[in-house]
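Report on one structure; see the data block that follows.
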Amino acid sequence: MDNPTLRVIRQRRSIRSFKDEKIKDEELKAIVEAGNYAPYAEEGSRYITVIQNKNLLHKLNSIAKEVAQTMALEGLRKLGRDENFHSLYGAPTLLIISGREQSVSPEADCAAATQNILLAAESMEIGSCWIFFDLLAFFSPQGAELRSELKIPAGFKPYTSVALGYKNSREDDMPDRNLSNVTFVR
Ligand SMILES: Cc1cc2nc3c(=O)[nH]c(=O)nc-3n(C[C@H](O)[C@H](O)[C@H](O)COP(=O)(O)O)c2cc1C
């Protein structure tokens, strides 16, 4: 089966190398809007922050790397120590999707918006990567200050983030997905 939507879903891959050039405002707006069209368990449960300020992106990465060095997982500690690792891969735009902590299922609501964002970006051939790593910054002692600097409303917690930008390279080595993890009960 093939159609334009399925093609975009199959084509999307996480992109980890971006051009410096920012995506156009109209593209950015369409991507963010696609996030808001995602289903939710409770209206008003999510909030999207668009960051294009280089200093702030740098700050988020640096703080996240510091926090990573204190984590139990050796993989995270190693990335935190790696001078060549940038958690946003040089993307000029980062979206942070925050959920209202007291809503029914903020994490699911944020994840639904995130997937719409990734697919909308791919439909415009814009590169994207779902990023957990940079959110470690909010676990730091500066976390509360960061939230207020980013104007994340009180009661909302950052659950997901997406690095966005024009692709520098494609990652084509992912195997095609199949149905081996699916059971049809008829
Ligand atoms: C919840 C979640 C967190 C992720 N966090 C990161 C991350 O911090 N850094 C990263 O490079 N990729 C991250 N990814 C992307 C996954 O590594 C990627 O989706 C997976 O390897 C499958 O590859 P694909 O997106 O190209 O299909 C994350 C994905 C999800 C769903």
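The values are calculated or read from the model by the stated rules, or taken from the named source; none is laboratory data. In this text the structure is predicted, and so the values were computed from the model without any measurement. Note: ideal-geometry Cβ built from the backbone for every residue, glycine included; neighbour counts use all protein chains shown.
Annotations
- If the condition is being loosely packed, with under 10 Cβ neighbours inside 10 Å and touching a Lys or Arg at 6+ places or on another chain (Cβ under 8 Å), then segment 2-44 contributes only G44.
- Selection status of V50, at pLDDT 95 or above and in contact with a helix residue (DSSP H, G or I) (Cβ under 9 Å, 6 or more places away or on another chain): yes
- Residue count for segment 52-78, restricted to those that are of a type in the set (A, V, I, L, M, F, W, C) and surrounded by 18 or more Cβ atoms within 10 Å (Cβ to Cβ): 7
- A single entry from A163, A111 fulfils the requirement of being in a strand (DSSP E or B), crowded, with 16+ Cβ neighbours inside 10 Å, within 12 Å of the ligand (Cβ to nearest atom) and not aromatic (F, W, Y): A163.
- Selection of segment 115-137 for residues being near the ligand (Cβ under 7 Å from one of its atoms) and either within 19 Å of Y37 (Cα to Cα) or surrounded by fewer than 18 Cβ atoms within 10 Å (Cβ to Cβ) (or both) yields W130, F132.
- Restricting the first member to segment 159-175 and to residues that are at pLDDT below 95, and the second to residues that are assigned to a loop (DSSP other than H, G, I, E, B), the beta-carbon pairs closer than 6 Å and six or more apart or on different chains are N168/S17; N168/K19; S169/S17; E171/R13; M174/R13.
- Taken together, the criteria exclude L95 from residues that are within 13 Å of L136 (Cβ to Cβ) and buried (at least 19 other Cβ atoms within 10 Å of the Cβ).
- Qualifying helices (runs of 4 or more DSSP H) (wholly inside segment 1-105; at least 1 residues being small (G, A, S) and away from the ligand (no atom under 13 Å from the Cβ)): 25-36, 54-68
- Residues that are in a strand (DSSP E or B) and of a type in the set (S, T, Y) do not occur anywhere in segment 131-143.
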